[in-house]
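Can you keep this structure in mind? I'll have questions shortly.
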Amino acid sequence: MAGEKPLRKVLFMPIHWAYLVVLVVILAASFYLFYPRVESFFIYFPQSRFDFSPEEFRLQYKEAFFNTEDGKRLHGWFFAGEKENPVVLHFHGNAGNISHRLDLVQPFLHRGFSVFLFDYRGFGKSSGRPSETGLYKDGLAAWAYLVEKEKITPERIVLHGHSIGAAVAIEVALQKKVKSLVIESAFTSTKDMAKSMVLFSLFSPVLPANYNNLEKIRRVPVSKLILHGDRDEIVPFSMGERLFEAAADPKFFRPVKGAGHNDVFIVGGEKYFSVFAEFARKAKIAKD
């Protein structure tokens, strides 16, 4: 019809380079604005409901509530062992809550150690929403609770971090005085984790290296024990090896044969707790 523009011209009108630049800028800005939220969606799986209680495990405990520097109220359970023995400050993984870590407590109490389990912000009875900086603040607040409320000297505190909790333990070890550090099923960084996952490997080059344990562990001054299952289905065993290689002395590496990501202490059994206890007492372990 007369007066209409040819369809071909409408569909193939050239796009000015300036529009492309604007589009790229908008996409880049959106990525950096929303990426932390996207990452958090895939990392944290908190649960408010407790599935188990200390009473079910016949454990005596003290219920603890304490605050972070940014005003979040955290909750934990303190299990007292023998005086002057090491205190295991446990940093759990990215899912569930402290009720799912109760089976760790009795073997440590049996060896005379005290144990402190606490939930990060957004987990269990703790307020707030989880984030990398938030979890670091939570770890520091847990350390402060032991020192200030339970009157435990820093020289007795053994940090124990599992999976994402290893990152929190490493951060606390960099900022506070402690006896030693144990990390278990730890990854090098979230960027490296993305590389190892089919769905995210394509985008890994542009992702930031959050929870950068590989860079941080080089600066941890205290003795370190690194535990990793050789059949870890989530965090590649090679990441545990890389963390050990990067760490400064004194350091020790113990692979757990046949263990996956969440069952290292179960598969390791008595040997796991014996090695842990020896390290907790002496900050070193005997050679096999």
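Please work out if L227 is under 17 Å from the mean Cα position of the chain (by Cα), in a helix (DSSP H, G or I) and modelled with pLDDT of 95 or more.
It is false that L227 is under 17 Å from the mean Cα position of the chain (by Cα), in a helix (DSSP H, G or I) and modelled with pLDDT of 95 or more.
In region 54-110, how many residues are farther than 16 Å from D138 by Cα and in contact with an Asp or Glu (Cβ under 7 Å, 6 or more places away or on another chain)?
Residues flagged as farther than 16 Å from D138 by Cα and in contact with an Asp or Glu (Cβ under 7 Å, 6 or more places away or on another chain) within region 54-110 amount to 2.
Which members of region 259-278 meet the condition of being surrounded by 12 or more Cβ atoms within 10 Å (Cβ to Cβ), over 20 Å from H92 (Cα atoms) and not hydroxyl-bearing (S, T, Y)?
Within region 259-278, K271, E278 meet the criteria.
Against the definition (open to solvent by 40 Å² or more (accessible area, probe 1.4 Å) and in a helix (DSSP H, G or I)), how does R281 come out, yes or no? Explain how you work it out, then say what you get.
Numbers: open to solvent by 40 Å² or more (accessible area, probe 1.4 Å): yes; in a helix (DSSP H, G or I): yes.
It is true that R281 is open to solvent by 40 Å² or more (accessible area, probe 1.4 Å) and in a helix (DSSP H, G or I).
A further question follows. Out of all the residues in region 249-288, which are small (G, A, S), closer than 13 Å to S180 by Cα and at pLDDT 95 or above? Outline the logic, then answer.
First, pick out the residues of region 249-288 that are small (G, A, S): 258-260, 268-269, 274, 277, 280, 283, 286.
Filter once more, keeping what is closer than 13 Å to S180 by Cα: 277, 280, 283.
The answer is A277, A280.
With the requirement that a residue be touching a residue at least 60 places away in the same chain (Cβ under 8 Å) and among the aliphatic types (A, V, I, L, M), what does region 147-168 give you?
I152, I157, V158, L159, I164, A166, V168
Follow-up. Please go through region 95-122 and give me each residue that is closer than 17 Å to V172 by Cβ and part of a loop (DSSP other than H, G, I, E, B), ordered by number.
Answer for region 95-122, where residues must be closer than 17 Å to V172 by Cβ and part of a loop (DSSP other than H, G, I, E, B): D119, Y120, R121.
The values are calculated or read from the model by the stated rules, or taken from the named source; none is laboratory data. None of the values given here were measured: they were computed from a predicted structure. When we count neighbours, we look across all protein chains shown, and the Cβ atoms used for this are built from the backbone with ideal geometry, even at glycine. In case anyone asks, the SASA skips ligands and DNA or RNA and just uses the protein heavy atoms, side chains included. Shrake-Rupley method; radii C 1.70, N 1.55, O 1.52, S 1.80 Å.
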